[in-house]
1. Of the numbered conditions (1) surrounded by 12 or more Cβ atoms within 10 Å (Cβ to Cβ); (2) more than 38 Å from the chain's Cα centre (by Cα), residue 271 fails exactly one; give the number of that condition.
2. When both residues are 6+ apart or on different chains and their Cβ atoms are under 9 Å apart, which pairs have a first residue that lies in segment 67-85 and is touching a residue at least 24 places away in the same chain (Cβ under 8 Å) and assigned by TED's automatic domain parsing to the domain that holds residue 22, and a second that is part of a helix (DSSP H, G or I) and surrounded by fewer than 20 Cβ atoms within 10 Å (Cβ to Cβ)?
3. Surrounded by 15 or more Cβ atoms within 10 Å (Cβ to Cβ) and without any contact (Cβ under 8 Å) to a residue 40 or more places away in the chain: which single residue out of 305, 263 fits that description?
4. May I ask you to list the residues in segment 232-249 that are surrounded by fewer than 19 Cβ atoms within 10 Å (Cβ to Cβ) and touching a helix residue (DSSP H, G or I) at 6+ places or on another chain (Cβ under 6 Å)?
5. For segment 308-321, enumerate the residues that are more than 27 Å from residue 183 (Cβ to Cβ) and surrounded by 12 or more Cβ atoms within 10 Å (Cβ to Cβ).
6. Quickly run through segment 335-345 and pick out the residues that are surrounded by fewer than 16 Cβ atoms within 10 Å (Cβ to Cβ) and within 14 Å of residue 388 (Cβ to Cβ).
7. Please count how many residues of segment 108-139 are surrounded by 15 or more Cβ atoms within 10 Å (Cβ to Cβ), under 16 Å from residue 215 (Cα atoms) and in contact with a strand residue (DSSP E or B) (Cβ under 6 Å, 6 or more places away or on another chain).
8. Any idea which of 27, 36 is more than 22 Å from residue 76 (Cα to Cα), surrounded by 16 or more Cβ atoms within 10 Å (Cβ to Cβ) and in the same structural domain as residue 94 (by TED's automatic domain parsing)?
């Protein structure tokens, strides 16, 4: 009975390349007579070029080809693809390769044979003897620089190629990797160097094998350089802190801080909108201040909800629909309003209606009372919305 190699091909708008890549991968079976190759196409839900229809046709024609839809991100495609393989195909070796045709498929043979030699992780590399990097000069410099940058920040130094996806490993090693620490849900390519680091922490016995890397025939690269660099730096600092014995979840904190900054900016915009419509309703519609405040606040709440839903928390997969989230967001905002009122009431009771002379101008205490409510109310709103309104649905 033949052994099984399950190869994950993560795709995002790779209609022009997928058939050719699958054909070349399956052709490697003749060089691996003891193995049956299965392919899992893990297609990003954002794909819009018609790849899903082509993939489903390939599944009908070939029992070795499987197709799944996954949430956005290279890491999600890879991890979900391997989890699918372990659950449904029970492979002897897990492998992965880019679907864009940039990596020559014959590397799969070398990856599998390396695992047969007793290694638990085989890594394709264009930067070792026998490897070839057929990109343009500028892209060669960028790819080499990116790998050096990741090795310096994350490691390990003894692996020359840490930024491409061509790898093979044992299912046992995959099961040992700490997915809680691995940033596999990010939409950048941070999963590539991070996976190697986590695999080594899990006890991987690894070896690099040469591969040929060339320009893609069709389509474009999905890598976002700025976001990728940000993630590498944040994850690298997390790794270094852990190496010093400081078990601080720095990467998660810095990513959450980024979300908090977005949430705060939305809050500032909401405050401006609230004040603008408050004055409009009073000056142009003759509404009483209390009524004006009610309408202007609700307009600001709806504005903040839209911006948070489609910007701050846009990557969150939740169990609630948009109307449920809007209702919860309103209740949370009402809770923030109550907190603010209580703080102002307490400060007013304690300090009264005095004035303070600031830069030669009298400033009423009530201005300070207003600004004193901002940090606790923002913390309340962010925390509750983070954990309830836009709570991420774990798979």
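The values are calculated or read from the model by the stated rules, or taken from the named source; none is laboratory data. Here the structure is a predicted model, which means the values were calculated and not measured. When we count neighbours, we look across all protein chains shown, and the Cβ atoms used for this are built from the backbone with ideal geometry, even at glycine.
1. Among (1) surrounded by 12 or more Cβ atoms within 10 Å (Cβ to Cβ); (2) more than 38 Å from the chain's Cα centre (by Cα), residue 271 violates only (2).
2. Listed pairs, sorted by first residue: 67/52; 67/56; 67/58; 67/59; 68/84; 69/52; 82/171; 85/171.
3. Details: 263 fails: without any contact (Cβ under 8 Å) to a residue 40 or more places away in the chain.
So the residue among 305, 263 that is surrounded by 15 or more Cβ atoms within 10 Å (Cβ to Cβ) and without any contact (Cβ under 8 Å) to a residue 40 or more places away in the chain is 305.
4. Here is the first cut: in segment 232-249, the ones surrounded by fewer than 19 Cβ atoms within 10 Å (Cβ to Cβ) are 233, 237, 240-249.
237, 241, 248 - these are the residues of segment 232-249 that are surrounded by fewer than 19 Cβ atoms within 10 Å (Cβ to Cβ) and touching a helix residue (DSSP H, G or I) at 6+ places or on another chain (Cβ under 6 Å).
5. Of the residues in segment 308-321, the ones more than 27 Å from residue 183 (Cβ to Cβ) are 321.
If the condition is that a residue be more than 27 Å from residue 183 (Cβ to Cβ) and surrounded by 12 or more Cβ atoms within 10 Å (Cβ to Cβ), then no residue fits.
6. Within segment 335-345, 335 is the sole residue that qualifies.
7. 4
8. Details: 27 fails: surrounded by 16 or more Cβ atoms within 10 Å (Cβ to Cβ).
Of the residues listed, the single one that is more than 22 Å from residue 76 (Cα to Cα), surrounded by 16 or more Cβ atoms within 10 Å (Cβ to Cβ) and in the same structural domain as residue 94 (by TED's automatic domain parsing) is 36.
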